[in-house]
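Inspection log for the structure reproduced underneath, given as C-alpha cells.
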Amino acid sequence: MKPNVKAFFDDQTFTVSYAVHEDSSRACAIIDSVLDFDHASGRTGTSSADQIIAYVHAKDLKTEWILESHVHADHLSAAPYLQQELGGKIGIGHHIVEVQETFGKIFNEGTEFQRDGSQFDALFREGDSFHIGQMRGDVLHTPGHTPACLTYVIGDAAFVGDTLFMPDFGTARCDFPGGSSETLFASIQKILSLPDETRIFVGHDYKAPGRDEYAWETTVGEQKALNIHIGQGRSIEEFVEMRDARDATLSKPKLILPSLQVNMRAGQMPPADEQGDVFLKLPINKL
C-alpha cells in the first residue's frame, strides 16, 4: 500500500508537516503540525496550519487523526486549531506521561496540571495500530531523542519525527531530559529493519553542507548505506561517542521553553488567569 503524502515545510522552524491520505475513502491524517509563534512579541499565528487546512478542503479529505511524533522542543503544535477546523483525534506516544512528569516539575505546574496524558485523545504503545479509512498504521516506539518518540508506519511510508534526518545530515540529538544516545541507536535499528524500499519522511531539514535544496524524503536503504552518523554498519560504541560529543556542542532550540509548555498539553496554552490572559513561564537555570 502506497499512501499519498503531501509535505508542508515551515521555513521558520525547519519543520516538515505531513498530510497522509488514501484515495478510496478520502480519509487522512496530519502529522507534526506547526503553530506560528513569534518569540519576541509572544504572538501566535496560523498561516502554516492554514496551508494544511486549505489542502484538506481542496482534496475534500476527512481528517481522522492529528498525530504527534513526540513533544517537540523547536515549534508549537497546531493540533487543537486543526482539530477545531477539521475534526479528528489527537494522538501521541504513551510515554508522554514521563515527559509531562519531567517538565511539569521544571515549569512548576502544580497539581492542577494532569500528568496522565489525558490532554490527548489517544496514547499509543509499541505494536499498536490504527486506521485512516482502510489504511492501517502501525506504531513503533523509537525513543532516544525523547522518551515518547514514535515512528508511524503507514503502508510503505514511515514518519520518523526527529529520530532520523536526511542521510547527509544524520540523526537526532539526545541531550534533552530523558534522552539517550544508546537508546536512540536501538530505535534507529528498529527503523532500519523495515524493508529497504520503505519511504522515510523526516520531521526537519536544515540543508546539509553542499546541498542547496530542502529535502525530507529518503528510504530505509538509503539511510543504511549513506547516513553519515549511523550508516554502513556503524557500531553502537562509535555512534554513542560521536553523538554525545556532538550534543555537547549544541545550543538549546530557540523555542524550547514555549514549545514544551504548550506541546505537553497537546498544543493547548496554559490556563488563562482571572483576567483571561495567558502566560508562558521562563524557568531560570533549569535546562
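Data for the structure
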{"read-out": "Nonlocal amide H pairs with Lys62, under 5 Å, H built at 1.01 Å", "value": "Ala27, Cys28"}
{"read-out": "Amide proton proximity set for Lys207, modelled H, under 5 Å, gap of 5+", "value": "Ala215"}
{"read-out": "Sequence-separation-based contact order of the stretch 1-57, relative, with Cα cut under 8 Å and 6+ spacing, percent", "value": "24"}
{"read-out": "Cα-centred dipole magnitude for the chain, charges only on beta-carbon of K, R (+1) and D, E (-1), debye, nearest 20", "value": "80"}
{"read-out": "Three-way shape call for the stretch 90-177 based on the alpha-carbon gyration tensor, with the a/c threshold at 1.5", "value": "oblate"}
{"read-out": "Positive minus negative residues near Leu123 (Lys, Arg vs Asp, Glu; Cβ under 15 Å)", "value": "-3"}
{"read-out": "The stretch 32-69 and the stretch 165-237: distance between their alpha carbon centers, rounded to Å", "value": "25"}
{"read-out": "Per-residue ³J(HN,Hα) for the stretch 118-129, Karplus 6.51 cos²θ - 1.76 cosθ + 1.60, θ = phi - 60°, Hz, x for Gly and Pro", "value": "5, 5, 9, 7, 8, 10, 8, 10, 3, x, 5, 9"}
{"read-out": "Most to least packed among 183-191, 139-147 [average Cβ atoms within 10 Å]", "value": "139-147, 183-191"}
{"read-out": "Dipole magnitude of the stretch 206-270 about its Cα centre (Cβ charges: Lys, Arg +1; Asp, Glu -1), debye to nearest 20", "value": "320"}
{"read-out": "For Gly93, residues with placed amide H under 5 Å, excluding near neighbours", "value": "Phe124"}
{"read-out": "The chain - percent of accessible surface contributed by carbon and sulfur, probe 1.4 Å", "value": "48"}
{"read-out": "Paramagnetic reach from Asp244 in the stretch 183-204 [backbone N under 12 Å; point 7 Å along Cα→Cβ]", "value": "183"}
{"read-out": "DSSP bridge orientation in the chain - percent antiparallel, rounded to nearest 5", "value": "70"}
{"read-out": "Cβ crowding within 10 Å averaged over residues, with 238-249, 71-82 ranked highest first", "value": "71-82, 238-249"}
{"read-out": "Stokes-Einstein translational diffusion, the stretch 162-277 - Kirkwood Rh over all Cα pairs, 0.692 mPa s, 37 °C, in µm²/s", "value": "205"}
{"read-out": "Isotropic mean projected area of the C-alpha convex hull, the chain (nm²)", "value": "14.9"}
{"read-out": "Listed residue (Ile188, Tyr206, Val220) projecting farthest to the positive dipole end of the stretch 178-233, Cβ model", "value": "Ile188"}
{"read-out": "Extended-chain gain in nm, criterion 0.36 nm per residue less alpha-carbon gap, Arg136 and Gln189", "value": "16.8 nm"}
{"read-out": "For the chain, accessible area per residue (1.4 Å probe, heavy atoms of protein chains only), Å²", "value": "45"}
{"read-out": "Dimensions (Å) - the stretch 127-223, Cα atoms, principal axes, largest first", "value": "41, 31, 20"}
{"read-out": "Karplus (6.51, -1.76, 1.60) ³J(HN,Hα), θ = phi - 60°, over the stretch 15-20, in Hz, Gly and Pro reported as x", "value": "9, 10, 9, 9, 10, 10"}
{"read-out": "Global geometry of the stretch 191-236, whether rounded, prolate or oblate, following the gyration tensor of its Cα atoms and the 1.5 cut on a/c", "value": "oblate"}
{"read-out": "25 Å Cα-Cα reach of Lys207 towards lysines, excluding residues that sit fewer than 8 places from it in its own chain", "value": "Lys6, Lys224, Lys252, Lys254"}
{"read-out": "Computed label-point distance, nm, for sites Ile236 and Ser25 using a 7 Å Cα→Cβ extension", "value": "4.0"}
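The values are calculated or read from the model by the stated rules, or taken from the named source; none is laboratory data. Everything quoted here is computed from the prediction, not taken from an experiment. Quick reminder, even Gly has a Cβ in these numbers, built from the backbone with ideal geometry, and neighbours come from all protein chains shown. Just the protein is used for accessible areas: all its heavy atoms, side chains included, with ligands, DNA and RNA removed. Shrake-Rupley method; radii C 1.70, N 1.55, O 1.52, S 1.80 Å.
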